[in-house]
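K.L.:
First the structure, then my questions, so here it is.
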Amino acid sequence: MDDLISFIETINKEKWKSEEVSLETGKLLYKNTPGFIEYIPHHSDSALIMAISVGIHGNETAPIEIVWDIIQKIKSQRILPKIRILFIFGHPQAMLAGKRFLGFNLNRLFSGNHKNFKEYLESERAQEIEEGLTRFFSEANESSSRWHLDLHTAIRGSHHQRFAVRPYYGRDLDVDQTELQICAAMGVEAILKTISPATTFAGFSATHLKAKSFTVELGSVAPFGKNDLSCFAMAKNTIIHILKTGLIHELPQETKPLVYDVKKELINDHDDYEFYIADDYLNFTPLTQGQAIEKNKEGILEAKKNQSIVFPNPHVPQGQRTGLLVQPQGHIPDC
Ligand SMILES: [Zn+2]
């Protein structure tokens, strides 16, 4: 763990050094952008190119530990990747402070939103990360299959232990087979298919860089060294499998994720707005049919069969979102 902490301490403009490590089957590049490490194989016949980001929220440490371990194994040639892969360590200052962020939530500053919040240190980092990832994908040829997995751990508990948020692509696109496969292999139980552009990191790579992209919530927050890494083994094994084979379609499918559609964005829309979801509600927990969700300016909104809420937050100013009302696609058996 000390090695990892020492490494994180170097992710800043003063200490970071770009460097090339030659390996038998490829090279490992410490890029000009602090916290960006890329592996380039000497030979590859895979069309896949992938970016994996961790620690966009600094206290979500399990994915950081996983990626760190994978990089060590690449360095010692115990993993010989067949694809070009970029690892991004998102918010080093927040990692060292053990905090989600210091000034402003970094995962709301992408797609140029950093320009609106220049006073925060996260804004500079968001811009740096956008530029670094843009360069990485711009070096790939047009026909390559671009992927970006932004790995997180959730603060709020969830009815589905692991879930993925699938960004909006500017039009209604079904979740395709490879997306289902990669999520299933990571043990993701639910995919939330969003319907509007977001200023998240995954939203940026989907909208601006034509990558297949997910924000993946893998489990719960814990300090460095205190993670139960067995909870994250499926995600780690999936990444290693993709690196070693360059293939997604061969991934094992343990569970088939449910795909959730957003039925309504819940908005605090007037002075007497009320939100009836309990503070300890777990994301995706099925609501009872007829259960009151909110009092909006049209009246009381009641839940229909199989509906649930994701990201509930009543403590927002008027005009902002209090949650997403969602429903799984297809037939769900009564239980
Ligand atoms: Zn997060």
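The values are calculated or read from the model by the stated rules, or taken from the named source; none is laboratory data. Source: prediction; values computed, not measured. Cβ: placed from backbone, ideal geometry, glycine included. Neighbour counts: every protein chain shown. Heavy atoms of the whole protein, side chains included, go into the accessibility calculation; ligands, DNA and RNA do not. Shrake-Rupley method; radii C 1.70, N 1.55, O 1.52, S 1.80 Å.
K.L.:
Taking the stretch 108-150 only, how many residues are touching a helix residue (DSSP H, G or I) at 6+ places or on another chain (Cβ under 6 Å), on the phi < 0 side of the Ramachandran plot and among the polar types (S, T, N, Q)?
P.N.:
2
K.L.:
A follow-up question, please. Which condition number does Glu122 fail, the rest of (1) free of Cβ contacts under 8 Å to residues at least 60 places away in the same chain; (2) within 16 Å of the ligand (Cβ to nearest atom); (3) open to solvent by 80 Å² or more (accessible area, probe 1.4 Å) being met?
P.N.:
Tallying (1) free of Cβ contacts under 8 Å to residues at least 60 places away in the same chain; (2) within 16 Å of the ligand (Cβ to nearest atom); (3) open to solvent by 80 Å² or more (accessible area, probe 1.4 Å), Glu122 fails exactly one: (3).
K.L.:
Please determine, by comparing only the residues of the stretch 145-159 that are at pLDDT 90 or above and open to solvent by 20 Å² or more (accessible area, probe 1.4 Å), which one is nearest to the ligand (Cβ to nearest atom). Please lay out each step first, then the result.
P.N.:
Within the stretch 145-159, the first condition is being at pLDDT 90 or above, and the residues that meet it are 145-153, 159.
Imposing the further condition that a residue be open to solvent by 20 Å² or more (accessible area, probe 1.4 Å) reduces the set to 145-146, 159.
Working: Ser145: 25, Arg146: 22, His159: 18 Å.
Step by step, filter the stretch 145-159, then rank; the result is His159.
K.L.:
With respect to Ile88, determine if the residue is open to solvent by less than 40 Å² (accessible area, probe 1.4 Å), touching a residue at least 24 places away in the same chain (Cβ under 8 Å) and closer than 19 Å to Thr207 by Cβ.
P.N.:
Numbers: open to solvent by less than 40 Å² (accessible area, probe 1.4 Å): yes; touching a residue at least 24 places away in the same chain (Cβ under 8 Å): yes; closer than 19 Å to Thr207 by Cβ: yes.
In short, yes.
K.L.:
If I filter the stretch 33-49 for residues that are among the hydrophobic types (A, V, I, L, M, F, W, C), touching a Ser or Thr at 6+ places or on another chain (Cβ under 9 Å) and not in a strand (DSSP E or B), do I get at least one hit?
P.N.:
Checked against the condition, which is being among the hydrophobic types (A, V, I, L, M, F, W, C), touching a Ser or Thr at 6+ places or on another chain (Cβ under 9 Å) and not in a strand (DSSP E or B), the stretch 33-49 yields at least one hit.
K.L.:
Where residues in the stretch 68-107 are within 11 Å of the ligand (Cβ to nearest atom) and not in a loop (DSSP other than H, G, I, E, B), which of them is nearest to Leu243 (Cα to Cα)?
P.N.:
In the first step, residues of the stretch 68-107 are kept if they are within 11 Å of the ligand (Cβ to nearest atom); the result is 90-91, 94, 100-101, 105-107.
Now restrict to residues that are not in a loop (DSSP other than H, G, I, E, B): 94, 106-107.
On the way: Ala94: 28, Leu106: 28, Asn107: 26 Å.
My answer is Asn107.
K.L.:
Filter the stretch 134-190 down to the residues that are of a type in the set (Gly, Ala, Ser) and outside any helix (DSSP H, G or I) and list them by number.
P.N.:
Pass one, the stretch 134-190, residues of a type in the set (Gly, Ala, Ser): 138, 140, 143-145, 154, 157-158, 164, 170, 184-185, 187, 190.
Of everything in the stretch 134-190, those that are of a type in the set (Gly, Ala, Ser) and outside any helix (DSSP H, G or I) turn out to be Ala140, Ser143, Ser144, Ser145, Ala154, Gly157, Ser158, Ala164, Gly170, Gly187, Ala190.
K.L.:
Right, here's the next one. Just checking, which of Gly98, Gly112, Gly58, Gly103 is in contact with a Lys or Arg (Cβ under 8 Å, 6 or more places away or on another chain) and in the same structural domain as Thr153 (by TED's automatic domain parsing)? Give the steps one after another, and end with the answer.
P.N.:
On the way: Gly98 fails: in contact with a Lys or Arg (Cβ under 8 Å, 6 or more places away or on another chain); Gly112 fails: in contact with a Lys or Arg (Cβ under 8 Å, 6 or more places away or on another chain); Gly103 fails: in contact with a Lys or Arg (Cβ under 8 Å, 6 or more places away or on another chain).
Going through Gly98, Gly112, Gly58, Gly103 in turn, just one is in contact with a Lys or Arg (Cβ under 8 Å, 6 or more places away or on another chain) and in the same structural domain as Thr153 (by TED's automatic domain parsing): Gly58.
Residue by residue, here is whether (1) within 30 Å of Ile129 (Cα to Cα); (2) without any contact (Cβ under 8 Å) to a residue 24 or more places away in the chain holds:
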{"site": "Ser213", "(1), (2)": "yes, no"}
{"site": "Met234", "(1), (2)": "yes, no"}
{"site": "Asp269", "(1), (2)": "no, no"}
{"site": "Ala278", "(1), (2)": "no, yes"}
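K.L.:
Which condition number in (1) aliphatic (A, V, I, L, M); (2) away from the ligand (no atom under 16 Å from the Cβ); (3) within 22 Å of Pro286 (Cα to Cα) is the one that Ala140 fails?
P.N.:
(3)
K.L.:
Something else: Mind listing whichever residues of the stretch 231-252 are open to solvent by 80 Å² or more (accessible area, probe 1.4 Å) and under 20 Å from the mean Cα position of the chain (by Cα)?
P.N.:
Residues of the stretch 231-252 open to solvent by 80 Å² or more (accessible area, probe 1.4 Å): 237, 244, 249-250.
Once the filter is applied, which keeps residues that are open to solvent by 80 Å² or more (accessible area, probe 1.4 Å) and under 20 Å from the mean Cα position of the chain (by Cα), the stretch 231-252 yields only Asn237.
K.L.:
Now for a separate question. Just for the stretch 1-31: of the residues that are free of Cβ contacts under 8 Å to residues at least 40 places away in the same chain and in a loop (DSSP other than H, G, I, E, B), which one is surrounded by the most Cβ atoms within 10 Å (Cβ to Cβ)?
P.N.:
Here the residue is Trp16.
K.L.:
How do the pairs read when you match residues in the stretch 53-67 that are assigned to a loop (DSSP other than H, G, I, E, B) with residues anywhere that are of a type in the set (Lys, Arg) and more than 9 Å from the ligand (Cβ to nearest atom), using Cβ under 9 Å and keeping only pairs 6 or more apart or on different chains?
P.N.:
His57/Lys99; Gly58/Lys99; Asn59/Lys99; Thr61/Lys226
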